[in-house]
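Read through the structure below, which is laid out as structure tokens, and then see the notes.
What follows is calculated from the coordinates using simple rules that are stated; it is not laboratory data. Source: prediction; values computed, not measured. Glycine gets a Cβ as well: all are built from the backbone with ideal geometry, and neighbour counts include every protein chain shown.
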Amino acid sequence: MNIHRAETFFIRVAAATMLAFFAILVYLAVADRFVPPSHQQTIDPATVTSTAPFDHPGLVRTGPNTYDAYYVARVFSWSPQNLTIPLGSTVTFYVTSLDVVHGFTIPDEDVNVEVVPGWVSTVKRTFRKPGKLLLLCNQYCGIDHSAMYASVTVK
């Protein structure tokens, strides 16, 4: 069988690229202990509802025009269901899950983070436009996943 030189060259380049990506992946996973960027805090999923501040989820003022918002995801619901944020404020969302993997997204504000049981995912956003925003779960979490939404009102 005769393979053209150009074809052999591109096969070798493709194989070398795949090996390089695999080596980088192994390095990140083993030597650098690669974890998602939001993996800064952990929490026991069994005790979330009794662990502060997730025992009273909601908005907490941390300074002038800065807030922390604590959310708990459980199959088919968010806690809190409704949150009111002052216009122009910067909010750091801290989100965790009691049961399965969820997705925390506010599409109109470019907020999107994966919520994994045992981890506290964080995302920060400054809200510059007033209005009522939809907060959705964007990871399929079960049969009633489409009903898993909440609202964020910016006033």
May I ask you to derive the FRET efficiency for H56 and K124 from their Cβ-Cβ distance with R0 = 25 Å, giving the value to the nearest 0.05?
0.75
Net charge, P117 excluded, C-beta distance under 12 Å - Lys, Arg +1, Asp, Glu -1
-2
Rounded to 0.05, the calculated FRET efficiency for the beta carbons of Q81 and D108 at R₀ = 22 Å is 0.75
H145: net charge of surrounding residues, Cβ under 13 Å, Lys/Arg +1, Asp/Glu -1, itself excluded?
-1
Against the longest principal axis of the chain, how steep is helix 5-26, in degrees 0 to 90 to the nearest 10, with axes from Cα atoms?
40
Over segment 33-117, with a single point scatterer placed on each C-alpha, what log10 of the ratio I(q)/I(0) does the Debye formula yield at q = 0.13, 0.27 1/Å?
-0.43, -1.55
Averaging sequence separations of C-alpha pairs under 8 Å and six or more residues apart, then dividing by the length of segment 41-154, give the relative contact order as a whole percent.
27
By the scheme Lys and Arg +1, Asp and Glu -1, what is the net charge of all other residues having a beta-carbon under 14 Å from that of T96?
-4
Antiparallel %, DSSP beta bridges [both residues in the chain], to 5
70
Shape parameters for the chain, alpha-carbon atoms, Rg then Dmax in Å
21.1, 74
When the chain is treated as a GNM, springs tying every alpha-carbon pair under 10 Å, which of L25, L98, L134 comes out with the largest mean-square fluctuation?
L25
Of the listed peptides 114-120, 6-12, what is their order by residue-averaged count of other C-beta atoms within 10 Å, with the highest listed first?
114-120, 6-12
For a quick check, take a GNM of the chain with Cα springs below 10 Å and name the residue from I24, I43, I85 with the largest mean-square fluctuation.
I24
Dipole magnitude of segment 41-154, debye to nearest 20 (Cβ charges: Lys/Arg +1, Asp/Glu -1, about Cα centre):
420
